[in-house]
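Have a look at the structure below before the remarks.
The values are calculated or read from the model by the stated rules, or taken from the named source; none is laboratory data. Being a predicted model, the structure only gives us computed values, none of them experimental. When we count neighbours, we look across all protein chains shown, and the Cβ atoms used for this are built from the backbone with ideal geometry, even at glycine. Remember, those area values only see protein heavy atoms, side chains included, never the ligands or the DNA or RNA. Shrake-Rupley method; radii C 1.70, N 1.55, O 1.52, S 1.80 Å.
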Amino acid sequence: MLFDDLLNNPAKWMVESRDEHDIVLTSRIRLARNLTATPFPGWATRQQREETLKLTSGEARQIPVMKGGYYAELSGLTQQQKQLLVERHLISRELAARSEGCAVLISRSQNASILFNEEDHLRLQYILPGIQLKKAWGAISKIDSELEARLPYAYNTRLGYITACPTNLGTGMRASVMMHLPGLVISEQMQQVVQAAAQLNITVRGLYGEGTEATGNLFQISNQSTLGDSEDQIVERMTRFTSDLAHQEWNARRRLLQSSSLQVKDRVSRAYGLLTNATLLSTQEALALLSFLRMGASLDIFSHQALKNVNKTIMNIQPAHLARLSTTDQTTSEHRDQIRADIIRKELSGN
């Protein structure tokens, strides 16, 4: 599988939706794993990382679901290619900052990916559309079990899986759900959501995880604790919390429509007007305006059909994706803003 094949065939979660109200975009399970008697990547020499990579990637590429997928060592990718993979949520920003002795393996469906020598020797992840944490856990667990049968995992009977960061000890699991929450943001309820989440050892972050902003009212909801709970308990708690949160968001939207109908319709209409007529659009402005259209569609103010590919569009208007579409070698921020506006205008007009 070549890099262009990867980009020209978007993952199912980008083109499919399991949420009629466009609240829950994706569910992701990520597992951190390490090998015994081998220095963590951050402490290893280049030679040690390369030896670990040769062993782990060789075994990972033999797993049936990963066969025929896309494999690349980070040292062989350009900065733009790395950023494209970050924007697709296929690799982390941390892995993109690394080079020698680091790699990524992505399944043909793009649901599964394995990061080699990021913070840990292995980071396994599986992404599905909607609230499907249980299914995602089942899928990544199979990959994990096959790898564990082939590789000497670092595991302690008292502490669980040994990880580079102590906060990942135990299950080594991060279960996260990407959610679109404009109703709760507009009605100023997000602070209560963050506080309620914290009491359950759940954290609320931005579009690309830790240290990023919630642009376009998109939030990553994930578990904070990995030690002391089983994988099934984490999945159950996260599923229950995010399902309740989706219900709160839907109620917040309906209350806004009931109490401020004209204002809500006006904001949706203005967003549509700007998106279909603007010559220049920054990433932040475009995502904010698309957020209003998404909410408008869920409230039947705006056509659902016009936003059928909105998740794919969100990926295509990110900076690295725009640079790839540019006809010039060097793109300025203004040129990217122009391309972004053109893409959105054509998408909304159905051309």
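General remarks:
- Accessible carbon and sulfur surface of the stretch 162-260 relative to its total accessible area, %, 1.4 Å: 47
- Note on the chain: Rg/Rh from Cα positions, Kirkwood definition for Rh, rounded to two decimals, is 0.98.
- By the rule of a C-alpha distance below 14 Å, with chain neighbours fewer than 8 residues away ignored, the aspartates and glutamates paired with LYS312 are GLU16, ASP22, GLU87, GLU347.
- Tensor-based shape of the stretch 253-351 (alpha-carbon gyration tensor, a/c under 1.5 rounded, otherwise prolate or oblate): prolate
- Per-residue HN-Hα couplings for the stretch 65-75 [Karplus 6.51, -1.76, 1.60; θ = phi - 60°; Hz; x = Gly/Pro]: 5, 9, 5, x, x, 9, 10, 8, 8, 4, 5
- Cα-based shape type of the stretch 1-135, given that a ≥ b ≥ c are square roots of the gyration tensor eigenvalues and the cut on a/c is 1.5: prolate
- Computed with a 1.4 Å probe over protein heavy atoms only, the accessible surface of the stretch 224-351 comes to 52 Å² per residue.
- For peptides 186-199, 332-345, sequence by mean Cβ density within 10 Å, most packed first: 332-345, 186-199
- Computed 3J(HN,Hα) for the stretch 96-104, one whole-Hz value per residue from the Karplus formula 6.51 cos²θ - 1.76 cosθ + 1.60 where θ = phi - 60°, is 4, 7, 9, 9, 4, x, 10, 7, 9, glycine and proline marked x.
- Bridging of LYS134 to lysines at a Cα separation below 18 Å is possible for LYS12, LYS142, once same-chain residues fewer than 8 apart are set aside.
- Look at the Cα gyration tensor of the stretch 207-288: its axes a ≥ b ≥ c give a/c of at least 1.5 with a/b at or below b/c, and that counts as oblate.
- Across every direction, the projection of the convex hull enclosing the Cα atoms of the stretch 93-194 has a mean area of 9.1 nm².
- Reported to the nearest whole Å, the Cα centre-to-centre distance from the stretch 257-314 to the stretch 130-168 is 39.
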